[in-house]
Amino acid sequence: MGASHPEVAMAFRQLGMLYRYDGWLDQAEEAFCKALAVQDKAPELEYPEVAKRLDDLAGAPRRAGRGKEAHVLQARTAAMKAKAAGLKSAAGPQAPVSGR
């Protein structure tokens, strides 16, 4: 299994969820960013899965009081879900994804 395997993304997601549950929001955000980076490199993964990772990532800034940043990530999630559903989206700007 390589670094771009879908199970690696799932492991980072689960780690992020544990960090978020324990209130370690910076660590959670970093783990979610890593999960998203793995999934962005794996073309076999479908939009709904990547959208889920973006939604996870949006939760960290939302809980940390960074609502504007969370909104941008949620807009990107909505755009991906709309694209997957074959709909046009007017969800707004794309959020830069960066690990902290």
> Does segment 84-99 contain any residue that is part of a helix (DSSP H, G or I) and modelled with pLDDT under 85?
Replying inline: yes
> Identify, please: which residue in segment 41-82 is within 20 Å of residue 27 (Cα to Cα), out of contact with any helix residue (DSSP H, G or I) (no Cβ under 6 Å at 6 or more places or on another chain) and at pLDDT below 80 and is, among those, surrounded by the fewest Cβ atoms within 10 Å (Cβ to Cβ)?
Replying inline: 52
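The values are calculated or read from the model by the stated rules, or taken from the named source; none is laboratory data. As the structure is a computational prediction, the values presented were derived from the model and not from experiment. Glycine gets a Cβ as well: all are built from the backbone with ideal geometry, and neighbour counts include every protein chain shown.
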